[in-house]
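Engineer: Pasting in a structure now, in structure tokens, and then I'll have a few things to ask.
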Amino acid sequence: MTERVPILQIGNVLLVSIQTDLDDQSVMLLQDELAAEVVETGAHGVVIDITAVDIVDSFVGRMLATIASISRLLDAQTVVVGMRPAVAITLVELGLSLGGVRTALSLDKGLRLLERARAESLEEPEPDAAAGPGADGVGPDAAAGL
Amino acid sequence: MNGASSASQTLEITANAGVVQARQRVRALAQQCRFSLVEQTKLITAASELARNTLIHGGGGTMTGGLVEERGRRGVRLVFDDRGPGIPDVDLALTDGWTSGAGMGLGLSGSKRLVDEFLLETVPGQGTTVTVTKWAR
Amino acid sequence: MAAESVSDRLVGLLTVRGEDLGAEWSDKVAGSLGGRVSRAEVQRELKEIYTALVAALAEGGMDGRGEAFGEVRALLTELSRNRAHQGFTPTETAVSVFALKEVLEPALSGDDSDLQAYLKFSTLLDTLGLFTMEVYTRTREELISAQAEQLLELSTPVVKLWDGVIGVPLVGTLDSARTMVVMEKMLQALIDTGSEQAIIDITGVPAVDTEVAQHLLKTVVAARLMGAECTISGIRPQIAQTIVALGINFGDIVTKATLADALRHALRRSGLTLSRTAPQAGAR
């Protein structure tokens, strides 16, 4: 019954595109496999494409947040792309803000966000403390602080 | 169109697959009731949360779903029923962020916000029944 | 048994002079509609109903809500819906049914059995008349809600302000239904235009209360979940005052006084720099 979601590697980025209605076990499996892949490939970015997903409940939401946290520990950025309006509205109503998960409108924009983030982190060695008013030019850390 | 409360169907939720089936069943009902995409998504998400609760906290149970018509409104009503340990403190369980398990604690409180009517009946040691209704706009 | 004989008697009354009664009925109804529906059209509608009515009575039913009258009700539904759509009054709609009473009255012989049959028939027509009213009202309600929806659509345009920047100028009072529509429309526009910046301009909103603020906040959060940022602009001084007085916290959402300020901000966030070609004192 458990379904395997393929994890693709494009350069330094791992790409996961969820295409079917996954049961909880498959979601957990994906989380485990992604963590293992990030370590194995040394990827600096993970893109999770949920364009085809019409329901994100708290379980899947938690998986997305967990993957983001795990990858951050492994020095990789996670971007969730393609969330549908109806899904976003429902998540807000549900009370889930996916804190710490970066989001982008499309796969293309997600990949560019990762590139930019990578370039910045290479330029400035320790940008972590930069919590100042430097809004200029920096991609919005979507949904952060909510 | 389909007359008053069409025959309700009952679905067993005894494994992870049951939660997926519950989502599919509710999607069909919501479409039958001509919910907007957002309303549909909200109801299916709520059903997913409640079905998972039934499975994890109730140790398995059933979901009964059907169309209802009341005072000229049409909607979908879902009943989640389990014979599990029940909920000792309902108010606490309905608080955002409170969790007894591994979830985010948004299952009950969150799904309550996604539907129009929410009724929780629980008897410690005997089980829990959650009845939710969402009306078409 | 009694009921059967009553309906038999009625079938008799209605069929013996069927043609005449039908024509008279059509005349009465067409007259009451003041020529807004052609006589031929009325005749066609009523002839069908008349036939179905006689057939239903022949089946032995006297219950207007019963199964035997399914066909009659279907025809009446169509008639009521048409009348409602064409803007006729409830009276003008119901008269189509009730006029049949007047038509049948002179055809009675005066016998007790006829009288009894007529009373039963009258009750039946009352039921059917009420049914047409129900359909009429429902149709009008559908019309009203469809119009309300159209109004919502009209009143909430989403405009492209720049490459990657869309604007939503809100005008008028915001309620939850309207905010829902705005929200969905804006979020969909983000995807359709591939815009990462949205500006919600509330210059035209007369008042902001806790509920409206809540809706705005939810919209902004939903946009962020999709990967876009919102700026709220057009906060007039008195609105700023209410917001502070109500203790509404906009959190880290960027708010600007004018749409121009918001656009400048959005452009900067999308990585664009603005500069004047002529050396001149900048506004900023």
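The values are calculated or read from the model by the stated rules, or taken from the named source; none is laboratory data. Just so it is clear, the model here is predicted, and its values are computed rather than measured. In this analysis, Cβ positions are derived from the backbone assuming ideal geometry, glycine residues included, and neighbour counts consider all displayed protein chains. The protein model used for the area step is the full one, side chains on, heavy atoms only, and it has no ligands, DNA or RNA in it. Shrake-Rupley method; radii C 1.70, N 1.55, O 1.52, S 1.80 Å.
Engineer: Can you say whether B:THR133 is part of a strand (DSSP E or B) and open to solvent by 10 Å² or more (accessible area, probe 1.4 Å), as far as the supplied structure shows?
Structural biologist: So B:THR133 does not fit the description; no.
Engineer: Does any residue in segment C:92-112 that is outside the structural domain of C:ARG17 (by TED's automatic domain parsing) come within less than 8 Å, Cβ to Cβ, of a residue that is of a type in the set (Lys, Arg) and surrounded by 20 or more Cβ atoms within 10 Å (Cβ to Cβ) six or more places away or on a different chain, and which pairs are these?
Structural biologist: none
Engineer: Counting just the residues of segment A:88-101 that are at the interface with chain C (Cβ under 8 Å from one of its Cβ atoms) and at pLDDT 90 or above, which one comes out farthest from A:THR41 (Cα to Cα)?
Structural biologist: A:GLU93
Engineer: Using beta carbons and a limit of 9 Å, which pairs, at least six apart or on different chains, have the first residue in segment C:169-196 and under 15 Å from C:LEU225 (Cα atoms) and the second one open to solvent by 70 Å² or more (accessible area, probe 1.4 Å) and assigned to a strand (DSSP E or B)?
Structural biologist: C:ALA189/C:LYS160; C:SER195/C:LYS160; C:SER195/C:TRP162
Engineer: Taking the stated definitions as given, is A:GLY45 touching a residue at least 12 places away in the same chain (Cβ under 8 Å) and facing another protein chain (nearest Cβ under 10 Å)?
Structural biologist: No; evaluated as a whole, the condition is false for this residue.
Engineer: In segment C:169-185, how many are of a type in the set (A, V, I, L, M, F, W, C), more than 22 Å from A:MET83 (Cβ to Cβ) and open to solvent by less than 60 Å² (accessible area, probe 1.4 Å)?
Structural biologist: Residues in segment C:169-185 being of a type in the set (A, V, I, L, M, F, W, C), more than 22 Å from A:MET83 (Cβ to Cβ) and open to solvent by less than 60 Å² (accessible area, probe 1.4 Å): 3 in total.
Engineer: Something else now. Can you tell me which of (1) open to solvent by less than 10 Å² (accessible area, probe 1.4 Å); (2) closer than 20 Å to A:ALA43 by Cβ; (3) not polar (S, T, N, Q) is the one A:GLU115 doesn't meet?
Structural biologist: Result: A:GLU115 fails condition (1) only.
Engineer: Given the options A:PRO140, A:PRO85, A:PRO125, name the one that is modelled with pLDDT under 80 and either over 23 Å from C:LEU272 (Cα atoms) or open to solvent by less than 10 Å² (accessible area, probe 1.4 Å) (or both).
Structural biologist: Answer to the check: A:PRO125.
Engineer: Identify all residues within segment C:246-259 that are aliphatic (A, V, I, L, M) and open to solvent by 60 Å² or more (accessible area, probe 1.4 Å); write none if there are none.
Structural biologist: If the condition is that a residue be aliphatic (A, V, I, L, M) and open to solvent by 60 Å² or more (accessible area, probe 1.4 Å), then C:LEU246, C:ALA257, C:LEU259 are the ones that fit.
Engineer: Checking the conditions here, which among A:ASP75, A:ASP57, A:ASP21 is crowded, with 20+ Cβ neighbours inside 10 Å and of a type outside the set (A, V, I, L, M)?
Structural biologist: Going through A:ASP75, A:ASP57, A:ASP21 in turn, the sole match is A:ASP57.
Engineer: Taking the stated definitions as given, is A:ARG62 within 24 Å of B:SER48 (Cα to Cα) and free of Cβ contacts under 8 Å to residues at least 12 places away in the same chain?
Structural biologist: Spelling it out, A:ARG62 is indeed within 24 Å of B:SER48 (Cα to Cα) and free of Cβ contacts under 8 Å to residues at least 12 places away in the same chain.
Engineer: Continuing with the same structure: What helices (runs of 4 or more DSSP H), lying completely within segment C:198-284, carry at least 3 residues that are of a type outside the set (Asp, Glu) and within 14 Å of chain A (Cβ to nearest Cβ)?
Structural biologist: So the answer is C:210-226, C:259-269.
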